[in-house]
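See structure below.
The values are calculated or read from the model by the stated rules, or taken from the named source; none is laboratory data. No experiment lies behind these values; they were computed from the predicted model shown. A quick note on method: Cβ atoms are made from the backbone with ideal geometry, for glycine too, and the neighbour counts reach across all protein chains shown. Surface areas here come from the heavy atoms of the whole protein model, side chains and all, with no ligands, DNA or RNA. Shrake-Rupley method; radii C 1.70, N 1.55, O 1.52, S 1.80 Å.
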Amino acid sequence: MTVAVAARSTGTQPRLHIDLDAVAANTRLFADRAGGEVMAVVKADGFGHGAAAVARTALAHGATRLGVTSLAEAFALRADGLDVPVLSWLNPVDADWQAAQLANIDVAVPSLDHLRAVAEAGPGSRVHLHLDVDMARDGAAPGDWPALCAAATRFERGGRIRVAGIMGHLGRADEPKHAANAAARARFGWALEVARAAGLCPADRHLAATAATLTDPRTHHTMCRIGAGLVGIDPSRTTVLRPALTLTAPVITIRAAQPGTAVGYGHTWVADRPTTLALLPLGYADGLPLMASGRGDVLLAGRRCPLVGRISMDMTVVDVGELPVAAGDLATVFGPGDAGEPTVRDWAGWADTIEHEIVTGLGSRLHHTTTGTLLRNQP
């Protein structure tokens, strides 16, 4: 959905608009693609889009449960009144497992130490045994997996835990043809066999996140975890999704610049012709990546205008040339791209990073507005 904005801003604050209709459309697409349930992953405040709003929208359009990293994020969802199943998968051994159990939050178990701690402090907890399939970060090492499954069986039979799921995470799903994916699928299949041999029969088996859900049905199992895809990011670049963010900023001042005029810290850009410069009131404290200095642009007066000089903490300068731009005019920093404006993907390219970093790094000073069918239908 193209976001309609006024020709002039209503204030001096940059605005971040969140389109929940885009989240709804993306969720429906994933619900159609997934072989089983869809877990809406709303970690990092819903990838910078608002965890509760994204969660409610996803649940209304095909998702059946939620996923986050920390227990703090899970508790926040409960405090917002969301009572669907929630899984938290990144916590220290001494986390508050009792509080998690009382709040009916599923927890991932990546080690024997975690398993023992959960069984002791949160008896009756639903756990998802987490295997590291190929990333050497979170999840149990394959060599530890048989012992973890055997211990989980003992604790389950003793009534201390319930093994609800087995999970893993692919390291190269954004490269669908890479040989590492086949190896990771095989390792996950082996993990399921080991678990069954130990006497475990978990209902949930989940390996695929956004990219694998779009590109490899063999990874779907009973559930797919969708995070970035909900907000319009496809790491595999195989599917058209709807970006859900639009960032705008008003022009604060306009100044004429003669040849030789230097802009910003370090004078990294010097005018080589007479031109006009527009100042925007946002910078790296608001999430604009410094690496995009001198590489990016914005949409202003219907045309793409380049950033000049170094992006600073609070300010960005744009070369508008001879365009009829005045103080108060609105620049679109990024959006869906429907009107020719830059996209989050463009900004990620200019900054040599990924879209995830752009959307989760947006600063708290931005004024947020949210629209969508779900909000309009609320009493």
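Numerical summary
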item	result
For segment 17-81: span of alpha carbons on each principal axis (Å, largest first)	31, 29, 18
Local electrostatic count, ALA44, Cβ distance below 12 Å [Lys/Arg +1, Asp/Glu -1]	-2
Listed values (1) 17.1; (2) 21.5; (3) 20.1, entry calculated as mean projected area of the Cα convex hull in nm²	(3)
Calculated FRET value between ASP272 and ASP314, using beta carbons and R₀ = 25 Å, to 0.05	0.40
Radius 12 Å from Cβ of LEU112, net charge of other residues (Lys, Arg +1; Asp, Glu -1)	0
Under 11 Å, Cβ to Cβ, from GLY260 - net charge with Lys/Arg +1 and Asp/Glu -1	0
Three-way shape label, segment 33-180, alpha-carbon gyration tensor, a/c 1.5	oblate
Under Karplus coefficients 6.51, -1.76 and 1.60, residue-wise ³J(HN,Hα) of segment 233-243 in Hz, glycine/proline x	10, 10, x, 7, 6, 10, 9, 7, 10, 9, x
Dipole-positive endmost among VAL263, THR239, LEU214 within segment 157-276 (Cβ charges, Cα centre)	LEU214
Pair THR64, THR222: separation of 7 Å Cα→Cβ label points (nm)	0.9 nm
Whole-number accessible area per residue in Å² for segment 164-306, which is evaluated in the context of all protein chains at 1.4 Å	42 Å²
Under 16 Å from the LEU323 label point (7 Å along Cα→beta-carbon), backbone N, segment 235-270	247-257
Protection proxy ranking of 139-148, 44-53 - average other beta-carbon atoms within 10 Å, highest first	44-53, 139-148
Gaussian network model of the chain, Cα within-10 Å springs - most flexible of PRO217, PRO289, PRO259	PRO259
Assigned charges on the beta-carbon of Lys, Arg, Asp, Glu; segment 110-165 dipole about Cα centre (debye)	340 debye
Long-range tail of P(r) for segment 225-300 (Cα pairs > 19 Å, %)	55 percent
Modelled FRET efficiency - R0 22 Å, ILE354 with VAL240, Cβ distances, 0.05 increments	0.75
Share, in percent, of DSSP beta bridges within the chain that are antiparallel, nearest 5	45 percent
Theoretical ellipticity at 222 nm over the chain - DSSP helices of four or more residues, -39500 (n - 2.57) apiece, nearest 500	-8500 deg cm²/dmol
Estimated FRET transfer efficiency (TRP190, GLU120; beta-carbon r; R0 25 Å; 0.05)	0.30
Distance from segment 70-123 to segment 277-313 (C-alpha centre basis), Å	41 Å
Where labels lie 7 Å past Cα in the beta-carbon direction, separation of GLN258 and ALA52 in nm	5.7 nm
Label-point separation in nm, GLU175 to ALA203, each point 7 Å along Cα→Cβ	3.8 nm
